[in-house]
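One structure is given below, encoded as structure tokens.
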Amino acid sequence: MSNKIALTGIKPSGTPHIGNYLGMNRPALELAKNYQAFYFIADYHALTTVRNPETMNQLTYDVAATWLALGLDPDKVIFYRQSDIPEVMELTWILACFTSKGLLNRAHAYKAAVDENVEKGLDPDKGINSGLFFYPALMAADILLFDTNFVPVGLDQKQHIEIARDIAQAINSNYGSNVLTLPEASIREEVMTIPGLDGRKMSKSYDNVIPIFAPSNQLRKSVMRIVTDSRRPEDPKDPETDNVFAIYKHFATPEDIARVEKGYLEGGLAYSQIKNELYELLEAEFSEARERYGEYIQDLEYLDQVLLQGAEKARKLSIPKIAKVRAALGID
Ligand code: TRP
């Protein structure tokens with residue numbers, strides 16, 4: 001166990017699908033075995049888009065129940081709600097004063113929103129709230145407040161980590177070298193594109209997902225709907241391009257992966273058989289977690305208690321850290 005810190009924010013967005021699980025939950029839980037992990041629910045980030053209080057509340061509990069059901073140990077991982085850490089807000093402003101506006105102008109999410117407006121012939125900033133513009137500064141505060149070393153994220157977040165580094169560097173070079181720790185992105189390349197039912201990237205916006213906590217019969221139905229080509233059982237098949245295999249290989253043992261790969265190349269293995277195997281694997285992987293999820297989501301008091309305890313632990317670090325930063329600025 002290293003004493004390095006791995007931190008990541010989870011934007012509340014409903015129970016995860018297999019693509020989220022492989023890209024986010026599983027690697028994060030794995031990483032928590034080797035690092036001091038800080039995982040938090042990024043509710044203030046969600047506020048840039050989630051404007052309904054019930055939805056916000058429900059999504060937050062959903063994230064908490066999901067992670068606990070998947071085995072996050074709240075005694076080991078510091079697991080909290082971003083909004084329970086007021087020092088994040090304080091640091092955000094401090095960072096903003098060292099963040100060139102041009103840097104935020106170039107951030108992907110804001111830039112994409114502007115480009116879309118321009119393309120439609122609208123005012124470039126139409127419908128864009130300043131929260132979206134400031135999103136990377138808030139994220140930098142999440143990271144820099146805890147002297148984070150590694151930030152496990154998907155490729156889409158890489159630029160945000162670079163922005164956090166830039167801001168930290170600007171502060172360090174102004175005040176001396178060790179005010180803030182420079183974080184590094186840790187990006188999992190190999191699970192980046194999990195195909196959905198139709199073969200496109202698995203994503204809620206394509207409506208092609210396999211939700212991990214779906215009831216067994218629904219899980220089975222989803223797996224059976226994964227699109228394959230029309231090769232018959234006896235035909236050789238290509239494991240490189242098949243959607244079922246692309247998911248299967250993340251759950252099966254190395255021996256089974258080798259067996260199926262061989263069966264594909266030589267022919268004689270039906271898609272329906274591998275779909276059945278995949279269903280069994282998913283059922284084995286998720287059935288207990290699904291039940292636990294059902295229990296946690298009924299027990300909001302417990303979820304609150306877990307998150308508050310996490311926030312207390314986090315604040316033991318964030319309070320002295322913000323004091324140190326303020327002292328460096330001459331505001332103390
Ligand atoms: N922006 C991240 C996402 O959309 C969530 C996030 C917020 C985050 N703060 C963070 C990730 C800090 C890593 C570190 O998924």
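Scan the stretch 204-224 and give yes if some residue there is touching a residue at least 60 places away in the same chain (Cβ under 8 Å), within 16 Å of the ligand (Cβ to nearest atom) and either over 16 Å from the mean Cα position of the chain (by Cα) or farther than 25 Å from L22 by Cβ (or both), otherwise no.
no
Residues being under 18 Å from D43 (Cβ atoms) and either near the ligand (Cβ under 7 Å from one of its atoms) or in a helix (DSSP H, G or I) (or both): count how many of those fall in the stretch 138-150.
The number of residues fulfilling the criteria is 6.
Consider A284 carefully, then state whether it is open to solvent by less than 20 Å² (accessible area, probe 1.4 Å) and either touching a strand residue (DSSP E or B) at 6+ places or on another chain (Cβ under 8 Å) or not assigned by TED's automatic domain parsing to the domain that holds G14 (or both). I'd like the intermediate steps shown before the answer.
Numbers: open to solvent by less than 20 Å² (accessible area, probe 1.4 Å): no; either touching a strand residue (DSSP E or B) at 6+ places or on another chain (Cβ under 8 Å) or not assigned by TED's automatic domain parsing to the domain that holds G14 (or both): yes.
The answer is no for A284.
Tell me yes or no: at least one residue of the stretch 185-195 is modelled with pLDDT of 95 or more and open to solvent by 60 Å² or more (accessible area, probe 1.4 Å).
no
Need pairs with beta-carbon distance below 8 Å; first residue farther than 18 Å from T49 by Cα and within the stretch 112-129, second open to solvent by 80 Å² or more (accessible area, probe 1.4 Å) and of a type in the set (A, V, I, L, M, F, W, C); sequence gap 6+ or separate chains.
Partner pairs satisfying both residue conditions: P124/V118.
Hey, does the stretch 69-87 have a residue that's within 13 Å of the ligand (Cβ to nearest atom), under 30 Å from L22 (Cβ atoms) and in a helix (DSSP H, G or I)?
From the stretch 69-87, those within 13 Å of the ligand (Cβ to nearest atom) are 80-83, 85; that's our starting set.
So of that shortlist, the ones also under 30 Å from L22 (Cβ atoms) come out as 80-83, 85.
Now drop any that are not in a helix (DSSP H, G or I), which leaves 82-83.
So far as the stretch 69-87 goes, yes, one or more of its residues are within 13 Å of the ligand (Cβ to nearest atom), under 30 Å from L22 (Cβ atoms) and in a helix (DSSP H, G or I).
Hey, among E266, E240, E312, which residue is touching a residue at least 24 places away in the same chain (Cβ under 8 Å) and among the acidic types (D, E)? Let's see the steps before the verdict.
On the way: E240 fails: touching a residue at least 24 places away in the same chain (Cβ under 8 Å); E312 fails: touching a residue at least 24 places away in the same chain (Cβ under 8 Å).
Sole residue among the options that is touching a residue at least 24 places away in the same chain (Cβ under 8 Å) and among the acidic types (D, E): E266.
Please verify whether the stretch 160-176 includes one or more residues that are more than 12 Å from the ligand (Cβ to nearest atom), open to solvent by 20 Å² or more (accessible area, probe 1.4 Å), in a loop (DSSP other than H, G, I, E, B) and not charged (D, E, K, R).
Yes, the stretch 160-176 contains at least one residue that is more than 12 Å from the ligand (Cβ to nearest atom), open to solvent by 20 Å² or more (accessible area, probe 1.4 Å), in a loop (DSSP other than H, G, I, E, B) and not charged (D, E, K, R).
Within the stretch 206-214, does at least one residue satisfy the condition of being among the aliphatic types (A, V, I, L, M), open to solvent by less than 70 Å² (accessible area, probe 1.4 Å) and under 11 Å from Y271 (Cβ atoms)?
So in the stretch 206-214, the residues among the aliphatic types (A, V, I, L, M) come out as 209-210, 212, 214.
Subset that is open to solvent by less than 70 Å² (accessible area, probe 1.4 Å): 209-210, 212, 214.
Pick out the ones that are also under 11 Å from Y271 (Cβ atoms) and you get none.
Within the stretch 206-214 (the criterion being among the aliphatic types (A, V, I, L, M), open to solvent by less than 70 Å² (accessible area, probe 1.4 Å) and under 11 Å from Y271 (Cβ atoms)), the answer is no, since none of the residues qualifies.
Would you mind finding the one in D147, D156, D207 that is among the acidic types (D, E) and modelled with pLDDT of 95 or more? Walk me through it before giving the result.
Details: D156 fails: modelled with pLDDT of 95 or more; D207 fails: modelled with pLDDT of 95 or more.
The match here is D147.
Scan D242, D304, D235 and give me the residue that is open to solvent by 20 Å² or more (accessible area, probe 1.4 Å) and not assigned by TED's automatic domain parsing to the domain that holds F79.
D235
Just the residues that are in contact (Cβ under 8 Å) with a residue 12 or more places away in the chain and open to solvent by 10 Å² or more (accessible area, probe 1.4 Å), please, taken from the stretch 27-48.
Across the stretch 27-48, the qualifying residues are P27, L29, L31, A32, K33, N34, Y35, Q36, D43, Y44, L47, T48.
K11 versus (1) touching a Ser or Thr at 6+ places or on another chain (Cβ under 6 Å); (2) within 11 Å of the ligand (Cβ to nearest atom): which is the lone unmet condition?
Here K11 meets the rest and fails (1).
Scan the stretch 69-82 residue by residue and report those that are within 16 Å of K313 (Cβ to Cβ) and open to solvent by less than 50 Å² (accessible area, probe 1.4 Å).
Across the stretch 69-82, the qualifying residues are L72, P74, V77, I78, F79, Y80, R81, Q82.
With the condition kept exactly as written, say whether any residue in the stretch 51-59 is surrounded by fewer than 22 Cβ atoms within 10 Å (Cβ to Cβ), outside any loop (DSSP other than H, G, I, E, B), touching a residue at least 12 places away in the same chain (Cβ under 8 Å) and touching a Pro at 6+ places or on another chain (Cβ under 6 Å).
Yes - at least one qualifying residue is present in the stretch 51-59.
Just to be sure I understand, how many residues within the stretch 104-137 are within 16 Å of the ligand (Cβ to nearest atom) and open to solvent by less than 20 Å² (accessible area, probe 1.4 Å)?
The total comes to 4.
Would you call T15 within 19 Å of I212 (Cβ to Cβ) and assigned to a loop (DSSP other than H, G, I, E, B)?
On the way: within 19 Å of I212 (Cβ to Cβ): yes; assigned to a loop (DSSP other than H, G, I, E, B): yes.
Yes, satisfied.
The values are calculated or read from the model by the stated rules, or taken from the named source; none is laboratory data. What you see is a predicted model, and the numbers here were worked out from it, not measured in a lab. As a convention, Cβ positions derive from the backbone with ideal geometry for all residues, glycine included, and neighbour counts pool all protein chains shown. Areas reflect the complete protein model, heavy atoms only, side chains present, ligands, DNA and RNA absent. Shrake-Rupley method; radii C 1.70, N 1.55, O 1.52, S 1.80 Å.
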